Amino acid sequence: MNYEIGYRRPPKSGQFKQGQSGNPKGRPKGSANFLTLLEQELAQAITVNENGKKKTITRLQAMVKRLVAEALQGNHKTMMTMVEILRRNGKFEDTDIDSLLPDDYESILDSYVTDRAKSTTKKSTRTSTKE
């Protein structure tokens, strides 16, 4: 059987040997990725002064405390960030749009359309009599 060399069929001499890695000097085992490093940094303890008392908390806890404090002071961007975080984690219920409408919204809409049509016909007759 003759081995055909071509597209996606490299010669046998160019193929990796069985059990050989394509990247032997790749990332060493046990080396941390970005998320692992971030989690380690956020888990480190720091000392904060809260109500005149020193308290040891993690950096992540300190960030959350600051986020909440800024939102309470009226920072709209921080408030929206917190609302989005809570919404994504299911802390806010999705409101059904139909429950926000009154039961007789169709009759209200029909009366509005009728009143609007009457007011536009009155305006058109006024402008045509002035000319």
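Condition first: in a loop (DSSP other than H, G, I, E, B) and exposed (fewer than 10 other Cβ atoms within 10 Å of the Cβ). Now tell me which residues in region 31-58 satisfy that.
Selection gives Ser31, Asn33, Gln44, Asn51, Gly52.
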Reported set for region 64-119 where residues are assigned to a helix (DSSP H, G or I), closer than 30 Å to Ala45 by Cα and of a type in the set (D, E, K, R) is Lys65, Arg66, Glu70, Lys77, Glu84, Arg87, Arg88
When every residue in region 59-86 that is within 22 Å of the chain's Cα centre (by Cα) and of a type in the set (Lys, Arg) is compared, the one surrounded by the fewest Cβ atoms within 10 Å (Cβ to Cβ) is Lys77
Of the residues in region 6-50, those that are modelled with pLDDT of 95 or more and of a type in the set (Val, Ile, Thr) number 2
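Would region 85-94 turn up any residue that is acidic (Asp, Glu), closer than 30 Å to Val64 by Cβ and at pLDDT below 85?
Kept after step one, since they are acidic (Asp, Glu), are these residues of region 85-94: 93-94.
Pick out the ones that are also closer than 30 Å to Val64 by Cβ and you get 93-94.
Restricting the remaining residues to those that are at pLDDT below 85 gives 93-94.
Within region 85-94 (the criterion being acidic (Asp, Glu), closer than 30 Å to Val64 by Cβ and at pLDDT below 85), the answer is yes, since at least one residue qualifies.
The values are calculated or read from the model by the stated rules, or taken from the named source; none is laboratory data. These figures come from a predicted structure and were not determined experimentally. With ideal geometry, Cβ positions are generated from the backbone for all residues, glycine too; neighbour counts draw on all protein chains shown.
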